[in-house]
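Asker: One structure, pasted below without further comment.
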Amino acid sequence: MMLRLVVGLAALAAGASAEPRPRARDLGIAPGLYEPGRSNAITDVEGVRVGHTTIVEGAAVRTGVTAVLPHGGNLYRDKVAAAVFVGNAFGKLAGSTQVQELGTLETPIVLTNTLSVGTAVEALVAHALGDPGNADARSVNAVVGETNDGGLNDIRGRHVTRDHVLAAVRGATGGAVREGSVGAGTGTRAFEWKGGIGTASRVLPAAEGGHTIGVLVQVNYGGMLTIDGVPIGRELRRSAPAGGRKPTGDGSCMVVVATDAALTTRDLERLAARGIFALARTGSSFSHGSGDYAIAFSTSPETRTRHGETTARTRTLLPSDAVSPLFQAVLEATEEAVYNAMLQAETMTGNGITVEALPIDRLRELLAAYGRRK
């Protein structure tokens with residue numbers, strides 16, 4: 001998975017440590033019943049690729065772009081089935097209404113900051129129109145999600161460009177996915193600590209279909225952090241800062257769910273809903289100002305729509321009575337992806353403030369005290 005870094009002093013700005021930060025499973029945190037895929041990432045769903053552009057410039061620019069591609073072909077001509085679920089609509093998920101109406105996704109999914117959604121839409125439209133196979137295109141439904149990184153980042157400066165977006169799309173690859181303060185997670189915050197990009201996956205056993213679920217999250221929301229049932233926020237007193245002020249729950253979270261299961265768009269919407277439900281396990285308060293969205297898609301050839309097709313064809317789809325294991329897998333993978341985002345994120349200074357990373361040593365102690373340590 002390619003990471004494009006637009007900076008010379010990125011490590012310094014991010015407060016990078018010499019010792020690599022852990023993922024959840026390195027600490028013995030393995031939510032749920034099912035096993036992860038090879039990379040424990042959304043890219044474990046065959047064909048899915050992820051790309052980042054990380055923008056760290058000067059003292060005030062801490063932002064970026066993350067792109068998720070359902071397959072490596074021409075998405076405009078070979079659309080995948082998709083659906084959106086809205087937990088709290090204080091946000092700007094561009095393209096969502098057409099996805100809900102038609103049940104298809106025809107561009108990569110791009111994540112960025114709130115005030116760069118328009119730029120990302122323009123870039124995706126240009127990318128689709130620039131493909132020689134799309135000479136007949138007169139309408140392109142670009143899908144762009146966002147969270148607001150206006151604390152660490154000079155968001156009003158609108159530093160994301162078309163080239164940044166296109167670099168993330170064109171540089172997307174499979175395999176391991178960079179997490180933490182990268183791409184669209186560069187300037188995000190969560191539960192008063194540093195947020196970021198996180199991912200995880202689950203593979204169902206053959207007896208339950210053998211399907212793969214992958215999740216990627218852009219974590220920028222609040223509440224009282226809970227990890228594997230342990231009240232980390234309360235224990236570290238992040239739930240009641242000095243003066244009795246309660247932490248803000250505002251922010252947002254974008255959840256992207258991928259599967260190779262051949263699902264109807266109705267069941268994909270139900271799958272996406274579990275991505276939002278899973279945030280409750282992490283302590284989300286789903287506050288007034290938190291834009292919480294999930295978009296789910298299927299990579300199965302059975303569910304794809306060829307551009308302009310008008311002839312009926314037979315499809316083999318998974319019945320609704322078989323989707324409960326997939327729901328469980330989404331809950332597990334989303335929860336773990338959030339943990340990975342925060343665990344991989346490092347302390348960052350930008351735009352006049354410093355946001356600390358989750359303290360790993362104290363976290364280990366608390367997990368051990370609650371009997372969670374492996």
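The values are calculated or read from the model by the stated rules, or taken from the named source; none is laboratory data. Just so you know, these numbers come straight off a predicted model, no measurement behind them. A quick note on method: Cβ atoms are made from the backbone with ideal geometry, for glycine too, and the neighbour counts reach across all protein chains shown. For accessibility, only protein heavy atoms count, side chains too; no ligands or nucleic acids. Shrake-Rupley method; radii C 1.70, N 1.55, O 1.52, S 1.80 Å.
Asker: How many angstrom lie between the Cα centre of segment 199-239 and the Cα centre of segment 289-305?
Answerer: Measuring centre to centre over Cα atoms gives 18 Å.
Asker: How much of the accessible area of segment 153-282, probe 1.4 Å, is carbon plus sulfur, in whole percent? Write down the numbers at each step before the final one.
Answerer: Working: 2070 of 4510 Å².
Percent of accessible area from carbon and sulfur atoms in segment 153-282: 46.
Asker: Keeping every protein chain present and rolling a 1.4 Å probe, give me the accessible area per residue for the chain in Å².
Answerer: Spelled out: the 1.4 Å probe surface of the chain, per residue, equals 39 Å².
Asker: Another question, if that's okay. What is the distance, in nm, between label points placed 7 Å from the Cα along the Cα-to-Cβ direction at Asp321 and at Thr114?
Answerer: About 4.7 nm, to one decimal.
Asker: Let me ask another. Give the distance, in whole Å, between the Cα centre of segment 102-176 and the Cα centre of segment 32-54.
Answerer: 20 Å
Asker: Consider just the alpha-carbon atoms of segment 81-131 and return their Rg together with their Dmax, both in angstrom.
Answerer: In Å, with Rg to one decimal and Dmax whole: 11.6, 35.
Asker: Given +1 on the Cβ of Lys and Arg, -1 on the Cβ of Asp and Glu, and no further charges, what dipole in debye does the chain carry about its Cα centre, rounded to the nearest 20?
Answerer: 440 debye
Asker: Report P(r) for segment 118-206: all Cα-Cα distances, bin width 10 Å, range 0 to the bin holding the largest distance, values in whole percent.
Answerer: 13, 36, 31, 16, 3, 0
Asker: Follow-up. Calculate one ³J(HN,Hα) per residue across segment 182-194 by plugging θ = phi - 60° into the Karplus curve 6.51 cos²θ - 1.76 cosθ + 1.60, and present them in order as whole Hz with x for glycine and proline.
Answerer: Values, residue by residue: 9, x, 5, x, 4, x, 7, 10, 8, 6, 6, 10, 6 Hz.
Asker: Let me ask something else about it. Under DSSP H, which helices of the chain have Cα atoms covering 20 Å or more of the helix axis and a Kyte-Doolittle average no less than -1.0?
Answerer: For the chain, where a helix must reach 20 Å along its axis and average at least -1.0, the hits are 324-344.
Asker: So, one more: Which value, in debye to the nearest 20, gives the size of the charge dipole of segment 97-234 about its Cα centre, when Lys and Arg are +1 and Asp and Glu are -1 at the Cβ? Each step should come with its number before you reach the end.
Answerer: Values: 10 positive and 13 negative charges, 69 e Å.
Here segment 97-234 has a charge dipole of around 340 debye.
Asker: Now for a different question. Between Ile353 and Arg138, how many nm apart are label points set 7 Å from Cα along the C-beta direction?
Answerer: Each label point lies 7 Å from its Cα, and together they span 4.7 nm.
Asker: Over 5 Å intervals from 0, what percent of Cα-Cα pairs in segment 59-202 sits in each interval?
Answerer: All Cα pairs, binned at 5 Å, distribute as 2, 10, 19, 22, 21, 15, 8, 3, 1, 0 percent.
Asker: Modelling each spin label as a point 7 Å along the Cα-to-Cβ direction, I'd like the Arg364/Glu122 distance in nm, to one decimal.
Answerer: About 4.8 nm separates the two model spin labels.
Asker: By average Cβ neighbour count within 10 Å, what is the ranking of 166-172, 226-232, 210-216, 63-69 from highest down?
Answerer: Result, highest mean first: 63-69, 210-216, 166-172, 226-232.
Asker: Give the long-range amide H neighbours of Arg189: residues separated by 5 or more places, or on another chain, with amide H under 5 Å away, using H modelled in the peptide plane at 1.01 Å from N.
Answerer: So Arg189 has HN proximity to Gly195.
Asker: So in segment 90-200, what percent of DSSP beta bridges are antiparallel if you round to the nearest 5?
Answerer: Here the share of antiparallel DSSP bridges comes out near 45 percent.
Asker: Within 9 Å, Cβ to Cβ, of Gly229, how many net charges do the neighbouring residues add up to if Lys/Arg are +1 and Asp/Glu are -1?
Answerer: +1
Asker: Tell me, in nm to one decimal, what length is gained between Glu208 and Thr97 on full extension, where the rule is 0.36 nm per residue of separation less the Cα-Cα distance?
Answerer: 36.7 nm
Asker: Can you list the equivalent-ellipsoid semi-axes of the chain, largest first and in whole Å, using the square root of 5 times each Cα gyration tensor eigenvalue?
Answerer: Values: eigenvalues 198, 122, 59 Å².
One finds semi-axes of 31, 25, 17 Å for the chain.
Asker: Ranking request for peptides 186-194, 295-303: highest mean number of other beta-carbon atoms within 10 Å first, then the rest in descending order.
Answerer: Result, highest mean Cβ count within 10 Å first: 186-194, 295-303.
Asker: Something else: Out of all DSSP beta bridges in the chain, what portion is antiparallel? Express it as a percent rounded to 5.
Answerer: 75 percent
Asker: Further, regarding this structure: Under 12 Å from a point 7 Å along the Cα-to-Cβ line of Thr173: which residues of segment 38-76 have their amide N that close?
Answerer: So the set is 50-52.
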